[in-house]
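Some notes on the structure that comes next.
The values are calculated or read from the model by the stated rules, or taken from the named source; none is laboratory data. Please read these numbers as outputs of a predicted model, since none were measured by experiment. So basically every Cβ, Gly included, is an ideal-geometry build from the backbone, and we count neighbours across all protein chains shown. These area figures cover heavy atoms from the full protein model, side chains too; ligands, DNA and RNA do not enter into them. Shrake-Rupley method; radii C 1.70, N 1.55, O 1.52, S 1.80 Å.
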Amino acid sequence: MQKDLTKMRNIGISAHIDSGKTTLTERILFYTNRIHAIHEVRGKDGVGAKMDSMELEKERGITIQSAATYCSWQGHSINIIDTPGHVDFTIEVERALRVLDGAVLILCSVGGVQSQSITVNRQMSRYKVPRVVFINKCDRTGANPARVTKQVRDKLGLNAVMMQIPIGLEGDMEGIVDLVKMKAIYFEGDNGEKMREADIPASLLDEAKEKREEMLDAVSMFSDELMEAVLEGEPSEEMIHAAVRKGTLALEFAPVFIGSAYKNKGVQCLLNAVNLYMPNPMDIENTALDLEKDEQELILSCKPEDPLVCLAFKLEDGRYGQLTYLRIYQGTMKKGDSIVNSRTGKKVKVGRLCRMHSDEMEEIEESGAGDIVALFGVDCASGDTFTSSDISYSMSSMHVPSPVISLAIIPVDNKAQVNMSKALNRFTKEDPTFRTFVDHETNETIISGMGELHLEVYIERMKREYKAEVQVGAPQVAYRETITQRAEFNYTHKKQTGGSGQFGRVAGYMEPLEEGEYEFVDSIVGGVIPREFISSCDKGFKKSLEKGALAEFPVNGVRCVINDGGYHAVDSSDVAFQLAAIGAFKEGYQKAKPVLLEPIMKVAVEGPTEFQGSIMGSLNQRRGIIIGTLEEGDYTVVEAEVPLSEMFGYSTVLRSLTQGKAEFTMEFADYKQVPRNVAESLIEELRKKKKEQGK
């Protein structure tokens, strides 16, 4: 347990797919003596990188689950979370950023700022995570860190300034020039483990002086002392470091470092930067809500002697049983302690307390504020807060996006059915963006997720880890319904069939809601609907939202206002008002001109300029709207908004159109109205399906 919190760092490594996050983490672990040999992500030795422990990750060469580890560098303890780059696994990035204090944003020196980099940067801003930028792959043909730094400023809106310049680029990259020390640094030895400082080569001296001046100009904005020192003469290294740290922590400055993790260059300098510029747990203000004092917000202290507060941010059912990853924000957790889940009120005993090193673990006796640890056998959900028994605090949860794509899966036999249920139970617990339900009409099990790859990975894991063979149906898009105009309703539910009857009248109107899914407004005056039945009306409306009358898709964006009604002293009940509200919703819904909505994806296709015409053509054919194109050298990036329903199988089409030279990424952008002809055919399809089932 690190007692000195100023020497503790919790960082995440995030970036666009294939920019070298896992390779960088592998080098960090090697230089900090956590591993004794370097294995590549798609290495010929077949071992795979340490942080990609899942078999599928090794095979595909991508990170699917975020992995946690820790290391020490120059007396500082660093907890690291390596996150996936593919947008389908975005929840892993959200989870990691929720509990981290700082992050390293990696960019490829050739590809620059790509679409997923923008998403990751947005996520970092959402959780107010200070960041340093590392421009990787400077050994690749076409590398240009200065261009990428400009892109960071233009596209990400960060105040990015280079702290280093390269000595040679592409195949000739020899080392870097540190603009703070004004020294050249070379990385020698078999794995670049020996750092050698030397004078800056004469050919780079003028450029280094110019870039240092630019850097000092930007940094001195954060320190008057440094500004004076710059004006008077030579500022000290300490002054520069202090000013960079101040700017970085205030989210107003993003220092840029360069290197090539694959060629073992620049990684140690990045680690120094993590120690120097990344926040320690005390620098970050973390808040919780006091559930005993009407959810009053309070600031957590980081003191080990204060009551314990920690957040469960990730669940994993691994080979050691169920593991719960926790970030401790305040207090100390010891083996044998009793802690309380503030959501359920259940008390649990800390049996085994561990620190994780990818898929390996190390048992520890205690841990304190700032630590990331794992517990065994704790029943909880992702996002639960655990505290000491004398307090009742809750931390705000993370942002969970809604799934946009669904698939029907059918087990091949009874054994597969049992195994499939076990697998789905585990996966839905681990991943809040992966959901499952049984369609009562077709009796099919439906799984929903963030993209084709996301679902493909889970189906593959079902087969491999649970021996559950399933047949997969065609992908289904998560359509929604909404209303387009205001409509009034006035419905009376009346039933008298012996015994006590049912009576309830609900009147009011519904109208489109600009933001959010549903809103209920109670404008009842004079007690025409008694207070105890108001919530029944709300329940009835909510039930109606589950299935719209147009094509039986869930309804979004509706505000229901009740302003009149009626009741009977004997016959009115909770059920009667719920049914009245359902009837009222049906009545109003048809008059409010409902329409179908479909998920629209933001698609970015990157490929050689010669294929620009074909790429744009293929997107137009898919009802896509081109938002912009950007040409960088021989490469072009086409950005478009395309309906998800048109994007199935696009990777195959794109490959054949561009000889496999282009690639694309997509992420959910918004829901938009389905064109009338498409909506009509969807409704027709649904009618046919119902007819077939009826036969």
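General observations
Table: residues versus (1) in a helix (DSSP H, G or I); (2) at pLDDT 90 or above; (3) among the hydrophobic types (A, V, I, L, M, F, W, C); (4) surrounded by fewer than 21 Cβ atoms within 10 Å (Cβ to Cβ).
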position: 515; (1), (2), (3), (4): no, no, no, yes
position: 551; (1), (2), (3), (4): no, no, yes, yes
position: 569; (1), (2), (3), (4): no, no, yes, yes
position: 583; (1), (2), (3), (4): yes, yes, no, yes
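- Tally, over the stretch 553-567, of residues that are without any contact (Cβ under 8 Å) to a residue 60 or more places away in the chain and crowded, with 23+ Cβ neighbours inside 10 Å: 2
- The lone exception for residue 203 - which of (1) part of a helix (DSSP H, G or I); (2) in contact (Cβ under 8 Å) with a residue 60 or more places away in the chain; (3) not aliphatic (A, V, I, L, M) it fails: (2)
- Selected residue (only one of 239, 282, 278 is touching a residue at least 12 places away in the same chain (Cβ under 8 Å), touching a Cys at 6+ places or on another chain (Cβ under 8 Å) and among the aliphatic types (A, V, I, L, M)): 282
- Filtered residue count, the stretch 1-21, keeping only those that are at pLDDT 75 or above and hydroxyl-bearing (Ser, Thr, Tyr): 2
- Counting only residues that are small (Gly, Ala, Ser) and in a strand (DSSP E or B), the stretch 182-200 holds 2 of them.
- Subset tally (residues that are open to solvent by 10 Å² or more (accessible area, probe 1.4 Å) and of a type in the set (Val, Ile, Thr)) for the stretch 585-603: 2
- Flag if residue 529 is surrounded by 20 or more Cβ atoms within 10 Å (Cβ to Cβ) and under 22 Å from residue 584 (Cβ atoms): yes
- Here residue 98 fulfils each of the conditions (1) over 21 Å from residue 284 (Cβ atoms); (2) buried (at least 21 other Cβ atoms within 10 Å of the Cβ); (3) of a type in the set (Lys, Arg) apart from (1).
- Looking at 631, 598, just one residue is touching a helix residue (DSSP H, G or I) at 6+ places or on another chain (Cβ under 9 Å), more than 30 Å from residue 497 (Cα to Cα) and touching a residue at least 24 places away in the same chain (Cβ under 8 Å), and that residue is 598.
- Meets criteria (in contact (Cβ under 8 Å) with a residue 24 or more places away in the chain, more than 24 Å from residue 651 (Cα to Cα) and among the polar types (S, T, N, Q)) for residue 490: yes
- The stretch 460-474 - residue that is surrounded by fewer than 17 Cβ atoms within 10 Å (Cβ to Cβ) and not acidic (Asp, Glu) and, of those, farthest from residue 419 (Cα to Cα): 474
- Residues located in the stretch 457-475, provided they are in contact (Cβ under 8 Å) with a residue 12 or more places away in the chain and assigned to a helix (DSSP H, G or I): 457, 458, 459, 460, 461, 462, 464, 465, 466
- Residues that are free of Cβ contacts under 8 Å to residues at least 24 places away in the same chain and either open to solvent by less than 80 Å² (accessible area, probe 1.4 Å) or hydroxyl-bearing (Ser, Thr, Tyr) (or both), drawn from the stretch 652-677: 652, 656, 660
- Scanning the stretch 159-206 for residues that are under 21 Å from residue 133 (Cβ atoms), at pLDDT 85 or above and of a type in the set (Asp, Glu) yields a single hit, 178.
- For residue 133, the conditions (1) buried (at least 23 other Cβ atoms within 10 Å of the Cβ); (2) in a helix (DSSP H, G or I) all hold with the exception of (2).
- Residue that is modelled with the lowest pLDDT, among those in the stretch 427-452 that are in contact with a strand residue (DSSP E or B) (Cβ under 6 Å, 6 or more places away or on another chain) and open to solvent by 30 Å² or more (accessible area, probe 1.4 Å): 439
- Those residues of the stretch 167-195 which are exposed (fewer than 12 other Cβ atoms within 10 Å of the Cβ) and under 18 Å from residue 30 (Cβ atoms), in sequence order: 189, 190, 194
- When residue 424 is tested against (1) out of contact with any Gly (no Cβ under 8 Å at 6 or more places or on another chain); (2) at pLDDT 85 or above; (3) within 30 Å of residue 676 (Cα to Cα); (4) open to solvent by less than 20 Å² (accessible area, probe 1.4 Å), only condition (3) is not met.
- Residue 119 hydroxyl-bearing (Ser, Thr, Tyr) and at pLDDT 85 or above: no
- One residue from 646, 610, 606, 631 being of a type outside the set (A, V, I, L, M) and either at pLDDT 90 or above or surrounded by 20 or more Cβ atoms within 10 Å (Cβ to Cβ) (or both): 606
- Residue in the stretch 163-181 that is free of Cβ contacts under 8 Å to residues at least 12 places away in the same chain and assigned to a loop (DSSP other than H, G, I, E, B) present: yes
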